[in-house]
1. Considering region 226-250 alone, what residues qualify as being in contact with a strand residue (DSSP E or B) (Cβ under 9 Å, 6 or more places away or on another chain) and at pLDDT 85 or above?
2. In region 268-287, what residues are over 23 Å from residue 227 (Cβ atoms) and either crowded, with 24+ Cβ neighbours inside 10 Å or not assigned by TED's automatic domain parsing to the domain that holds residue 210 (or both)?
3. Looking at region 386-396, can you tell me whether even one residue there is touching a helix residue (DSSP H, G or I) at 6+ places or on another chain (Cβ under 6 Å) and either in a strand (DSSP E or B) or over 30 Å from residue 314 (Cα atoms) (or both)?
4. Quick check, is residue 290 part of a helix (DSSP H, G or I), at pLDDT below 90 and either under 24 Å from the mean Cα position of the chain (by Cα) or outside the structural domain of residue 265 (by TED's automatic domain parsing) (or both)?
5. So which residues in region 288-312 are touching a strand residue (DSSP E or B) at 6+ places or on another chain (Cβ under 9 Å) and either surrounded by fewer than 18 Cβ atoms within 10 Å (Cβ to Cβ) or over 17 Å from residue 355 (Cβ atoms) (or both), if there are any at all?
6. Might you check whether a residue that is modelled with pLDDT under 85, assigned by TED's automatic domain parsing to the domain that holds residue 290 and on the phi < 0 side of the Ramachandran plot occurs anywhere in region 365-376?
7. Checking residue 375 against (1) touching a helix residue (DSSP H, G or I) at 6+ places or on another chain (Cβ under 6 Å); (2) buried (at least 18 other Cβ atoms within 10 Å of the Cβ); (3) under 22 Å from residue 13 (Cα atoms): exactly one of these is not met. Which one?
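The values are calculated or read from the model by the stated rules, or taken from the named source; none is laboratory data. In this text, all values refer to a predicted model and were calculated from it rather than measured experimentally. Because the Cβ atoms are built from the backbone with ideal geometry, glycine has one as well, and the counts that use them run over all protein chains shown.
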């Protein structure tokens, strides 16, 4: 998962499903797309809300593929350089910042150091085009907002689990700590743990909701992966390009207009998409054509409004209402409906044939040639040795009703509904033990 708003809704939906239907074993967070370390804390909070603190969360591995004999000579991180500059700053002085690229480093510093504004005098931003192409700014603003779920993450109850950086030399850090075992596990480590605990007669179903980086890395690192994977439901992939009767349907890479037919997640890591989609795995592909049929704000909000109210349905309704409102008020947020389609994979995985799906086997290939204008495009290739099962059509009416009914299910609802509720519990005086 790359933890867009749609992915968080999908997670809540899966956690609401009966455990005998979906027994969620682990969550692997991508290092690209919308993902950020703040996303992991929100995942922990959602798991805590539903009472599933037992589910492990793995992150993608960053950094060099091998160790060095002199870790103290490693390239310092941007935040470490910032801290060093800040510590040496005289009390009477402030810092002026000039940015000449993406605002990633500055944004990370602002999120990690709450006192940033007190030492920054001015910021000069080189880039962006206010009246023309908003693509670059959409990405920066969207990335920052998704890290906080558009400000709603603060309403979730706090989990005792938080993101923990790699704080030991063994795992690549410059120094040791007293508790290196508490570091955030890697995606491959979570995969290995799940695989080791798997009974001999059982297999794993994988639902992807972001770039296929983690799954591709697992397949390349563990040659026996296919022996324990039963079905891979690849939710956010493909474009209408290979759909029958829709040869002119466009993709959704809004940051690169010249790439007309790619889907955003395949575009972000086309090599990983090629590795997975052209493999021998049993794959069900839910393309953009199907996602767009499940991307009506009006229909999903109506379904949530007329279902039983639970902490989960209320939270999802607030989030979707906010996204819809932003889309209507400002062109910067015109792409908000892409998050709605991302929920489709989770619903299909749980509901299956109750949505009257029409599945077709299609031989495909993925373009991964380093050209921004064509990378990530999925095309029909009759010469391909492997085919994928493509969800061509389904009943959208049943889809929306199923989403509303599941999120409004009170039988499997939140253990702690919100941070306000949690704070009330914390504020109660301790019970006096009597003899």
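1. Here is the first cut: in region 226-250, the residues in contact with a strand residue (DSSP E or B) (Cβ under 9 Å, 6 or more places away or on another chain) are 228-239, 241-244.
Across region 226-250, the qualifying residues are 228, 229.
2. Step one: filter region 268-287 for residues over 23 Å from residue 227 (Cβ atoms), giving 268-271, 286-287.
Within region 268-287, 269, 270, 286, 287 meet the criteria.
3. Applying the first criterion (touching a helix residue (DSSP H, G or I) at 6+ places or on another chain (Cβ under 6 Å)) to region 386-396 yields 391, 394-396.
Then drop every residue that is not either in a strand (DSSP E or B) or over 30 Å from residue 314 (Cα atoms) (or both), which leaves 391.
Yes, there is a match, as at least one residue in region 386-396 is touching a helix residue (DSSP H, G or I) at 6+ places or on another chain (Cβ under 6 Å) and either in a strand (DSSP E or B) or over 30 Å from residue 314 (Cα atoms) (or both).
4. Values: part of a helix (DSSP H, G or I): yes; at pLDDT below 90: yes; either under 24 Å from the mean Cα position of the chain (by Cα) or outside the structural domain of residue 265 (by TED's automatic domain parsing) (or both): yes.
Judged against the criteria, residue 290 is a match.
5. First, the residues of region 288-312 that are touching a strand residue (DSSP E or B) at 6+ places or on another chain (Cβ under 9 Å): 289-290, 293.
293 - this is the single residue of region 288-312 that is touching a strand residue (DSSP E or B) at 6+ places or on another chain (Cβ under 9 Å) and either surrounded by fewer than 18 Cβ atoms within 10 Å (Cβ to Cβ) or over 17 Å from residue 355 (Cβ atoms) (or both).
6. Within region 365-376, the first condition is being modelled with pLDDT under 85, and the residues that meet it are 369-370.
From the residues that got through so far, the ones that are assigned by TED's automatic domain parsing to the domain that holds residue 290 too are 369-370.
Pick out the ones that are also on the phi < 0 side of the Ramachandran plot and you get 369.
The answer is yes, given that some residue of region 365-376 is modelled with pLDDT under 85, assigned by TED's automatic domain parsing to the domain that holds residue 290 and on the phi < 0 side of the Ramachandran plot.
7. Answer for residue 375: the failing condition is (3).
Conditions tested, residue by residue: (1) touching a strand residue (DSSP E or B) at 6+ places or on another chain (Cβ under 8 Å); (2) within 30 Å of residue 416 (Cβ to Cβ); (3) modelled with pLDDT under 70; (4) not assigned by TED's automatic domain parsing to the domain that holds residue 191.
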| residue | (1), (2), (3), (4) |
| --- | --- |
| 46 | no, yes, no, no |
| 50 | no, yes, no, no |
| 81 | no, no, no, yes |
| 97 | yes, no, no, yes |
| 127 | yes, no, yes, yes |
